[in-house]
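First up is the structure itself, then whatever we jot down about it.
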Amino acid sequence: MTTMTTPVLQASGVTMRFGGLTAVRSVDFTVNTGEIVGLIGPNGAGKTTFFNCLTGLYVPTEGTVTYKGTVLPPKPHLVTKAGIARTFQNIRLFANMTVLENVLVGRHTRTKEGLWSALLRGPGFRKAEKASEERAMELLDFVGLAAKRDHLARNLPYGEQRKLEIARALASEPGLLLLDEPTAGMNPQETRATEELVFAIRDKGIAVLVIEHDMRFIFNLCDRVAVLVQGEKLVEGTSDVVQADERVVAAYLGEPFEGDPGTAETADVAAAETGAAPQSSTTSTKGEAQ
Ligand SMILES: Nc1ncnc2c1ncn2[C@@H]1O[C@H](COP(=O)(O)OP(=O)(O)OP(=O)(O)O)[C@@H](O)[C@H]1O
Ligand SMILES: [Mg+2]
C-alpha cells in the first residue's frame, strides 16, 4: 500500500448547507486504491451528509468530488454506474423480494437491460438472467447468505439484512464501497464477521470508506481515519495518531478541550489540601454524544 497510492476518490472543499445550517464545511478528503478509510465523529457531525454529497444524493453547495480523476455526475444512479456503491444507515432493502432478487436488482447498472426489466422480468432480462444470477450467487456466497437465497429479505435477522445490503452494493461491481454504520445493531460476533468481510472486500481490490461508531471496529480495520466534528474535519491519520489525539476525545465528550489533561484534578487536590471545596467538576459529562 505504500507503493503507488492512486486516489480513487477525491473531495475538495465540500460544503453542504441546509438553510442556515452548515452540515459539512470545506472538507478535503481522499481515498486511495487499496485503502480502508474510516470516518468517525459524534452524532450529527455531518458524516451521512458527507456520504450523500459523495454519492449524488445531495449536490454540495460548494466543492467538487472526483472518482478516478473524473468529476462525478450529480445523480445517484450515475454515481453508482461510475463505480461508487453504498449501504445506508437505515437499511434500504426490497422487503418483499427474496434475498437473490435484491442482489439482482443491485446488478441493474451493470446489465444492458436496466432496472425495470429486472423488476418486471421481461424477455431481455430473462436472457441476461443466467449470467447475472451466477454472479449474484457468487456474491451471496461471499457474504455468507447463499443458503438463504429464496428467503424474503424482511424475514432475515437484522445482521443478515446488513450483509445483504453489502452484497447488493457489490453487485454493481464498484471500485469504491461506502458503508454507513455497517455494524449498527449487530452483536459482537456479527461485528467481528463484518470486520473480516470488509478486509475480504478490500482484498478484492475495492477501496472502502466506512462510517462507524464502534471504535474497536474502526481502529482494527482502517488504514486511515478522519474525524468530523460539527461538519469540519478535525483530525486525520492512522488509527494510532487519531486515538492519541486529545481533541478527538474532547469532541466525543462534547466538551471543549482545555490544555493539559489533569489540570482540573490538580486544582481539586490543591483545594482539598487547603481545606477548600473543589473548584472544578470532573464528573459532569453532558452525554450529548450517545
Ligand atoms: N436533509 C437535511 N435537511 C436539513 N438538515 C439536515 C439534512 N440532513 C442532515 N441534516 C442536518 O445536518 C447535520 C448532520 O447530520 P448527519 O446525519 O450528516 O450526521 P451524522 O454525522 O451522520 O450523525 P449520526 O452519527 O447520528 O448518523 C445534523 O444537524 C442534521 O440535522
Ligand atoms: Mg449518520
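The values are calculated or read from the model by the stated rules, or taken from the named source; none is laboratory data. On a predicted model such as this, the values are computed, not experimentally measured, just so you know. We place every Cβ from the backbone using ideal geometry, glycine too, and count neighbours over all the protein chains shown.
Would you call Met4 over 30 Å from Lys148 (Cβ atoms) and modelled with pLDDT under 90? Talk me through it step by step, then tell me what you get.
Details: over 30 Å from Lys148 (Cβ atoms): yes; modelled with pLDDT under 90: yes.
Spelling it out, Met4 is indeed over 30 Å from Lys148 (Cβ atoms) and modelled with pLDDT under 90.
For the range 7-43, what are the residues that are modelled with pLDDT under 95 and surrounded by fewer than 14 Cβ atoms within 10 Å (Cβ to Cβ)?
Gly19, Gly20, Asn43
Among the listed residues Gly69, Gly56, identify the single one that is among the small types (Gly, Ala, Ser) and either assigned by TED's automatic domain parsing to the domain that holds Val105 or buried (at least 19 other Cβ atoms within 10 Å of the Cβ) (or both). Explain how you work it out, then say what you get.
Values: Gly69 fails: either assigned by TED's automatic domain parsing to the domain that holds Val105 or buried (at least 19 other Cβ atoms within 10 Å of the Cβ) (or both).
Step by step, each of Gly69, Gly56 is checked, and only Gly56 is among the small types (Gly, Ala, Ser) and either assigned by TED's automatic domain parsing to the domain that holds Val105 or buried (at least 19 other Cβ atoms within 10 Å of the Cβ) (or both).
Please work out if His213 is over 21 Å from Asn32 (Cβ atoms) and not assigned by TED's automatic domain parsing to the domain that holds Gly41.
Here the answer is no, as His213 does not meet what is asked.
All but one of (1) surrounded by fewer than 17 Cβ atoms within 10 Å (Cβ to Cβ); (2) modelled with pLDDT of 95 or more; (3) assigned to a helix (DSSP H, G or I) hold for Val249, so report the exception by its number.
(2)
Among the strands (runs of 3 or more DSSP E) lying completely within the range 1-91, list those that include at least 2 residues that are within 13 Å of ligand 1 (Cβ to nearest atom) and not aliphatic (A, V, I, L, M).
7-18, 21-32
Just need a number here: residues in the range 211-246 that are among the β-branched types (Val, Ile, Thr), crowded, with 16+ Cβ neighbours inside 10 Å and part of a helix (DSSP H, G or I). Step through it out loud before you land on a result.
Going through the range 211-246, the residues among the β-branched types (Val, Ile, Thr) turn out to be 211, 218, 225, 227, 229, 235, 238, 241-242.
From what is left, the residues that are crowded, with 16+ Cβ neighbours inside 10 Å are 211, 218, 225, 227, 229, 235, 242.
Retained after the next criterion (residues that are part of a helix (DSSP H, G or I)): 218, 242.
So the count comes out to 2.
For the range 88-107, what are the residues that are of a type in the set (Val, Ile, Thr) and surrounded by fewer than 23 Cβ atoms within 10 Å (Cβ to Cβ)?
Ile91, Thr98, Val105
Just to be sure I understand the filter: pairs with C-beta atoms under 8 Å, separated by 6 or more residues or on different chains, first member in the range 156-171 and β-branched (Val, Ile, Thr), second member assigned to a helix (DSSP H, G or I). Which pairs pass?
Matching pairs, first to second residue: Ile166/Val143; Ile166/Leu197; Ile166/Ile201.
Which of the residues spanning the range 136-181 are away from ligand 2 (no atom under 16 Å from the Cβ), more than 18 Å from Lys81 (Cβ to Cβ) and assigned to a loop (DSSP other than H, G, I, E, B)?
Gly144, Leu145, Arg149, Asp150, His151, Leu156, Pro157
Please go through (1) within 16 Å of ligand 1 (Cβ to nearest atom); (2) modelled with pLDDT under 95; (3) outside any loop (DSSP other than H, G, I, E, B); (4) not basic (Lys, Arg) for Ala184 and return the number of the only condition it doesn't satisfy.
Only one criterion in (1) within 16 Å of ligand 1 (Cβ to nearest atom); (2) modelled with pLDDT under 95; (3) outside any loop (DSSP other than H, G, I, E, B); (4) not basic (Lys, Arg) is unmet by Ala184, namely (3).
Of the residues that sit in the range 150-195 and are of a type in the set (Lys, Arg) and closer than 19 Å to Phe94 by Cβ, which one is surrounded by the most Cβ atoms within 10 Å (Cβ to Cβ)?
My answer is Arg168.
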